[in-house]
1. In the set Val393, Val386, Val375, which member is touching a residue at least 60 places away in the same chain (Cβ under 8 Å), in a strand (DSSP E or B) and open to solvent by 50 Å² or more (accessible area, probe 1.4 Å)?
2. Determine which single condition Phe299 fails, assuming it passes every other condition in (1) at pLDDT 75 or above; (2) under 28 Å from Met368 (Cβ atoms).
3. All but one of (1) surrounded by fewer than 16 Cβ atoms within 10 Å (Cβ to Cβ); (2) free of Cβ contacts under 8 Å to residues at least 40 places away in the same chain hold for Thr414; state the number of the condition that does not hold.
4. Going through region 253-265 one residue at a time, which ones are open to solvent by 70 Å² or more (accessible area, probe 1.4 Å) and of a type outside the set (D, E, K, R)?
5. Looking at Arg288, is it closer than 30 Å to Tyr364 by Cα, surrounded by 14 or more Cβ atoms within 10 Å (Cβ to Cβ), among the basic types (Lys, Arg) and modelled with pLDDT under 65?
6. Any idea which of (1) open to solvent by 60 Å² or more (accessible area, probe 1.4 Å); (2) polar (S, T, N, Q); (3) in contact with an Asp or Glu (Cβ under 6 Å, 6 or more places away or on another chain) is the one Gln433 doesn't satisfy?
7. In this structure, does Val660 turn out to be open to solvent by less than 40 Å² (accessible area, probe 1.4 Å), assigned to a helix (DSSP H, G or I) and in contact with a Leu (Cβ under 8 Å, 6 or more places away or on another chain)?
8. Residues being farther than 17 Å from Phe290 by Cβ, at pLDDT 80 or above and touching a Lys or Arg at 6+ places or on another chain (Cβ under 8 Å): count how many of those fall in region 646-664.
Amino acid sequence: MINTAPNHKHTYDEQGRMTCCTLEEKIYTEAGAEQLLHKKKTIDSGQDKVQLQAHSSVWKQYLPAIISFVMLLIGIALDNYFKPSFFTNYVRLAWYAIAYLPVGLPVIKEGWEASLKKEFFTEFTLMVLATMGAFAIGQYPEGVAVMLFYAVGELFQKAAVNKAKNNIKALLDVRPSSASVLRNNKYEEIKPEEVEIGETIQIKAGEKIPLDGEMLSEGSSFNTAALTGESKPKSIYKGAQVLAGMLNLDKVIELKVTKKFADSSLARILEMVQNATARKAKTELLIRKFAKIYTPIVFFLAVALVVVPYFVLSNYVFNDWLYRALIFLVISCPCALVISIPLGYFGGIGAASRNGILFKGSNYLELMTKINTVVMDKTGTLTAGVFKVQAIVTNGMDKTDFIKTLAALESKSTHPIAKAIAEYEKNETQTYQATEIEEISGHGLKGNVNGKEVLAGNTKLLKKYNITYDAAIDEIIESIVLVAIGNQYTGYVLIADEVKEDAKEAIRQMHLNGIKQTIMLSGDKNSITQKVAKQIGIDTAFGDLLPENKVQKVEELKQDKTKIIAFVGDGINDAPVLALSDVGIAMGAMGSDAAIETANVVIQTDQPLKIVTAIKIGKATRGIVIQNIILAFAVKAIVLVLGAGGLATMWEAVFADVGVALLAILNAVRIQRMKF
């Protein structure tokens, strides 16, 4: 039970799980809602009933196979052990036919529907032809067994696919069903889709955040696992952004909605994940194309196996060669490849989403294994992007007036440095208003504050407008924002950023995992860029770049066809480079919408080390897919030769088809248990 003593401090393990009490009870107790625990337990018991009903529906799926299996065993026992006189001719045929129908009818239906679509050579058609043929030559038990094991294989495949979907389903389950919105001085429950931007919503402890919003309350702790894969609670305070899908842990809070539900981070993530399987990997597409060619070829070979010996052999026995052809048909079924390979990629996407990495398609999962060059933006990607004002130096102007003027201009920008200056000025009581603001890409801002033209940006901005400044400024390594008012240089602000704690290890791990070259591109001063590059072990770095210069650098790299390039960025100006690279990777937690929409892979935790995790997941997935291809082809080839030579029976054929499919599926599911 929860410890409610005032002096009790809750303890957590390294994963952020509570070790002293039940987290659920803590949420309700601290919210002063202990009475809701009983209500929730009642709801949970209702959910248990629903789960029991779901389990019963699973049993119904297996019931036809169980009936066929029992009848098959009884039939074999009557054939080989008891041998009653009545169990012959039509009685025996009727018994096995009834045993066949529960598992055979669904497959016959699938085969018929496929034929109506002019898809004649499918695994359904092959199974029906093979089993009907077995009945035609009197091999009733084998005909039932082939269809039974095929049906059981399909059930296992369905179970494996459902297991693979669970990681993604867990993400879909974070969708809140309602939002408590302040309207007419009272809170009312409505659908998140109906909430407008600017409205105030209330979220109680233990509830999921329904929409992206700005924190109006003083602060709270949030479980962000559904979005980022991180189980450790995150504290968010007044004025900061809270994302839909997070779980409020501590107290009742209020948010001002900043995005409609359709544009929220959660909705965007759900769309990415749901659409991921639509983009197929080359291996997956190749196998599907191969199966369409391979299946009819083997079908006609089976026909030839019946017909050709008639013209060659003097002691030709039709039933013997038909039996061999039927074995050939059973073995030829490509389901082991067609099912297990997409399942492998699907499992990889699920494993990645569990680790806070979203792939927009299995093709990108495969492409991650081929990357040999990683190009990265600096600010927000390798550095925290959390800037703070370190010093204010003016050229004869009052510092308070100077920072107010600068902050008025910078408050209209979304750049991290601009945000740092605007945040610093919040402590002041009086604020100025800026108008006619113009962003000059790669240089800074231009606007009008209190009737005076103000320029704020880098040295290139002042040079562009022919404004002279102290030459000693060019020697400053740190990030600075120079200011000119009325075409006169008036001072600068010194800004500091810090390298992310896992950046150095990320670069080291990249080199260990097949990345031959790491490159850093930055619009920041070249001196700072080189300092950061040396600090974390980057191979090559370029600073003082405009957005178009970044594109130019990547275009130059792409001229070398041996380079497979991934670009990692987070800003709006990174979107063109993300689109240009072979694999675009966006930092999703702090990244701009444009970068996230353009990227092929989104890292929800903003951790550079997750790039290595993505590479490892890609390689593990590809390894499993290759293993499945080799396993399926090797076993099928051996049994095909044995079957054609009359050395393999229908039982070996069943193993070559269903058995190999099951082994391949179990191998594909393995990726979901791997640690990365």
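1. Answer to the selection: Val393.
2. (2)
3. Of (1) surrounded by fewer than 16 Cβ atoms within 10 Å (Cβ to Cβ); (2) free of Cβ contacts under 8 Å to residues at least 40 places away in the same chain, only one is false for Thr414: (2).
4. Selection gives Ala262 alone.
5. no
6. Checking Gln433 against (1) open to solvent by 60 Å² or more (accessible area, probe 1.4 Å); (2) polar (S, T, N, Q); (3) in contact with an Asp or Glu (Cβ under 6 Å, 6 or more places away or on another chain), the one that fails is (3).
7. Yes, satisfied.
8. Of the residues in region 646-664, 1 are farther than 17 Å from Phe290 by Cβ, at pLDDT 80 or above and touching a Lys or Arg at 6+ places or on another chain (Cβ under 8 Å).
The values are calculated or read from the model by the stated rules, or taken from the named source; none is laboratory data. Note that the coordinates shown come from a computational prediction; the quantities given were computed from them, not determined experimentally. We place every Cβ from the backbone using ideal geometry, glycine too, and count neighbours over all the protein chains shown. Ligands, DNA and RNA are stripped out before the accessible areas are found, and what is left, the full protein with its side chains, is counted by its heavy atoms. Shrake-Rupley method; radii C 1.70, N 1.55, O 1.52, S 1.80 Å.
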